[in-house]
Amino acid sequence: MDRVVVMCLMCLIELFMAIDVQAGKREDSALTRLELYNVSWDSPSGNSKGSMPLGNGDIGLNVWVENDGDLLFYIGKTDAWSERVHNPDGLLKVGLLRFHFERNPFAAQQFRQTLNLRKSRIEITSGENHIKVWVDANNPLVQFEASCSEKNSLTVTYEPLRSPENIALRKRYFNSVVHTDSILKVGEKRIGWFYKNANMKQKELANLTFGALVEGTGMQASTPVTLQSTSSSKSFQVTVAVLTSVDNKPGEWLKKVENIADNLPELNTARKEHEKWWEQFWTRSWIYIEGDDDAFVVSRAYNLQRYVSACGGRGKYPIKFNGSIFTVDNRINTKKEGQPVSFDVNGDYRAWGGQYWFQNTRHMYWPMLMSGDFDMMYPFFDMYQGMTDKNKELVQKYYQVNGLLFAETCPFEGGIPKATPEEKGSYTKHYYAQILEYTAMALDYYGFTGDDDFARKTLIPIANEGLKFYFSYFKYGKDGKIAIDPANSMETFWKVRNPLHDIAGLYYVLSGLKKLPSHLIDRNMMKQWNAWEKYIPQIPYGAVDGHRVFLPAEDLYGDKRHNFENTDLSAVFPFRLCTIGEQDIQTGINTFERRSEKIIGCWHYDVVIAALLGLTDEAQKQIVSISRLKNARSKADNEMRFPVFWGPNHDYTPDQDHGGVLCTAIQYMLLQASNDKIYICPAFPEKWNVDFKLHTDKRTVVYATVKRGKTEQVETLPAKRKKDIVFHL
């Protein structure tokens, strides 16, 4: 081989090794700094409101230690559906387990309970007594490990959540139809239970079964619901296998869960692989903000919320905005037959039930793009894609045209309301734009990942069907453009003409589709998109105090405001037509400064708008408030102990909208991409320092360190995109 070639290869190898070393140092530093946000408590908790979350994306735990030394955890799962998904108990807990030591290991020594974020486990110590609880990132298993300074005995008890008395209460207050769990007889060394969905009329729920098997080293079943140590010991290890499946024949579910329990991975190997997964998760991206106390609170809130999303974000179905899989015991104050009533509920309950609200669900998924958590977006994309056949049939039935819509409110299997012109207005009828925001997010996903298979099978087919509805259903005016009438301007204005939300969505989606690589689209497709683009109505503008602003719609027809949304800012978010690097940003700023609603918390996303418009002071003020604000509406849930168990706000505790909005806003304060440019710190305060790794379009990763308003270091992968960086400090 030519000497020059050899020398060049050696130089390249040295360069790549240097890059790997540098990347390794960054990741090691990121993992070390993560420890700043571990949550530690020096006292037990009175009840589940003092619980910490754990999860592997599908199985979630609320873990707490009570004053008598008992450790308890709720087991939640993303697909544990009840017979009536729309009910407050539409998504159930799998169960509740209590771990009781004969002699309280926490009685004499200083108590410490810590959520170790890097390893995703809860560590509880008191002197030489140690307990570790974790949910295996790679297997449907919960692991409990304990070592004691002196010999002790352990009892593990399944405690029923759906007792006859509890079922009677649910039936009385919210027409529940749940039933008791079935207790298994599974030999001398295990206990187990399951819940079998009794709704045989709905194919998606028929024979759905979920439950768990529990076994422990040196333990045997003393009753059908109790495992007991066979002798005193200094160490204990308990494994819980959790499963949901559809089983038509008796015993099928049991065979499946026993197969899991009979083939457990070796514990030390499983623990190492579990910790490896979480370290890879934490090094996909990071944001660490330093400065004053506000900076710490904001940075901690971001990292803890991202953790909670990861704990519940890899299951079969998307994260529930109203509690995820971490709902806890609560006291409900409401009305029944016009009279105030109060009653206690357990972790099965959640306000707003088990259905999905698109406007709420989206907030957990927008920030996953920049954090690089693409695997956690699959449940969102897949659930809505799974609705397409059913919803297309309903579009044809209700509207007599071809096309596709996603409802604002629906169960996991889909469905849309009939919202033809003669139908009475409501919050969610005549609200069609969900399909456009889904497509907008899918376009970003493709831009971030370059996943051609996703573009061909998901993005383009769903986009085309959604556009087909708009340009087939609505009538054309003399100007050759469609009149989107009647249609809601989100939930706030009902049955108006040409709402901004839909118009901005159409422009954004068609512009994005036309920029797709040529190998994904053919000539006919591009021809159709060009034609459709010409049919979009003009964006509605108005004037306030002599300043041009966006309007909620071309004509509100005198409709009153029904909700608290700033629908006139849709061209800023979610359809980013008017942001940093785009034209007409001043109109966005004018509109924001004159907005009607100024509410902080829950699904209100003024802070996202402020960040996208580069309004640093406003974005900082709001993000600090959101990071410190547990409850924007009442004091009902202020006793929640975990820092990011927000709510209830408009939703339920822990409120995932609140955390999702927070994460999206922080990301946009740090990084925005537009027209082939990457803007660094477009709305980030100079007095804070930050180190971040975030993802952006064109499969690009950006590393940046900013101190005292000056960029100390910026790198991109691929390196060629560094030329696209614009410092916006």
Q: Determine which member of the set Asn498, Asn488, Asn563 is of a type in the set (S, T, N, Q), touching an Asp or Glu at 6+ places or on another chain (Cβ under 6 Å) and buried (at least 18 other Cβ atoms within 10 Å of the Cβ).
A: Asn498
Q. Of all strands (runs of 3 or more DSSP E) completely enclosed by the stretch 229-336, which ones contain at least 1 residues that are of a type in the set (Gly, Ala, Ser) and open to solvent by less than 10 Å² (accessible area, probe 1.4 Å)?
A. 233-246
**Q.** Residues satisfying the stated conditions in the stretch 371-412, i.e. part of a loop (DSSP other than H, G, I, E, B) and of a type in the set (Gly, Ala, Ser)
**A.** Ser371, Gly372, Gly403, Ala407
Q) When you scan the stretch 47-163 for strands (runs of 3 or more DSSP E) that lie fully inside it, which ones turn up with 3 or more residues that are in contact (Cβ under 8 Å) with a residue 24 or more places away in the chain and in contact with a helix residue (DSSP H, G or I) (Cβ under 9 Å, 6 or more places away or on another chain)? A) 52-55, 59-65, 71-81, 141-152
Q. In the stretch 561-575, what residues are among the acidic types (Asp, Glu) and more than 23 Å from the chain's Cα centre (by Cα)?
A. Asp568
**Q.** Glu533 being surrounded by 14 or more Cβ atoms within 10 Å (Cβ to Cβ), touching a residue at least 40 places away in the same chain (Cβ under 8 Å) and out of contact with any Lys or Arg (no Cβ under 7 Å at 6 or more places or on another chain)
**A.** no
Q) From the list Leu213, Leu154, Leu208, which one is farther than 24 Å from Val63 by Cβ, of a type outside the set (Gly, Ala, Ser) and either more than 27 Å from the chain's Cα centre (by Cα) or surrounded by 22 or more Cβ atoms within 10 Å (Cβ to Cβ) (or both)? A) Leu208
Q) Among the residues of the stretch 465-484, which ones are open to solvent by 10 Å² or more (accessible area, probe 1.4 Å) and without any contact (Cβ under 8 Å) to a residue 40 or more places away in the chain? A) Lys475, Gly477, Lys478, Asp479
Q.
So, Ser426, is that one among the small types (Gly, Ala, Ser), surrounded by fewer than 19 Cβ atoms within 10 Å (Cβ to Cβ) and farther than 13 Å from Leu404 by Cα or not?
A. yes
Q.
Going by what's in this entry, would Val644 be described as closer than 20 Å to Trp366 by Cα, of a type in the set (Val, Ile, Thr), open to solvent by less than 20 Å² (accessible area, probe 1.4 Å) and assigned to a loop (DSSP other than H, G, I, E, B)?
A. yes
Q) Residues of the stretch 585-600 being open to solvent by less than 50 Å² (accessible area, probe 1.4 Å), out of contact with any strand residue (DSSP E or B) (no Cβ under 8 Å at 6 or more places or on another chain) and either closer than 13 Å to Ser570 by Cβ or not hydrophobic (A, V, I, L, M, F, W, C) (or both), which ones? A) Phe592, Arg595, Glu597
Q: Considering only the stretch 45-61, state which residues are closer than 13 Å to Thr327 by Cα and open to solvent by 10 Å² or more (accessible area, probe 1.4 Å).
A: Asn47, Lys49
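Matching residues to (1) more than 21 Å from Cys578 (Cα to Cα); (2) at pLDDT 95 or above; (3) among the aromatic types (Phe, Trp, Tyr):
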position	(1), (2), (3)
Ser634	yes, no, no
Asn638	yes, no, no
Gln667	no, yes, no
Asn675	no, no, no
Asp691	yes, yes, no
Leu694	yes, yes, no
Q) If we keep just the residues of the stretch 181-205 that are open to solvent by 60 Å² or more (accessible area, probe 1.4 Å) and more than 30 Å from Lys390 (Cβ to Cβ), which is nearest to the chain's Cα centre (by Cα)? A) Ile183
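The values are calculated or read from the model by the stated rules, or taken from the named source; none is laboratory data. Just so you know, these numbers come straight off a predicted model, no measurement behind them. Positions of Cβ are generated from backbone atoms using ideal geometry, with glycine treated the same way; all protein chains shown enter the neighbour counts. What goes into the accessible areas is simple: the full protein's heavy atoms, side chains included, and nothing from ligands, DNA or RNA. Shrake-Rupley method; radii C 1.70, N 1.55, O 1.52, S 1.80 Å.
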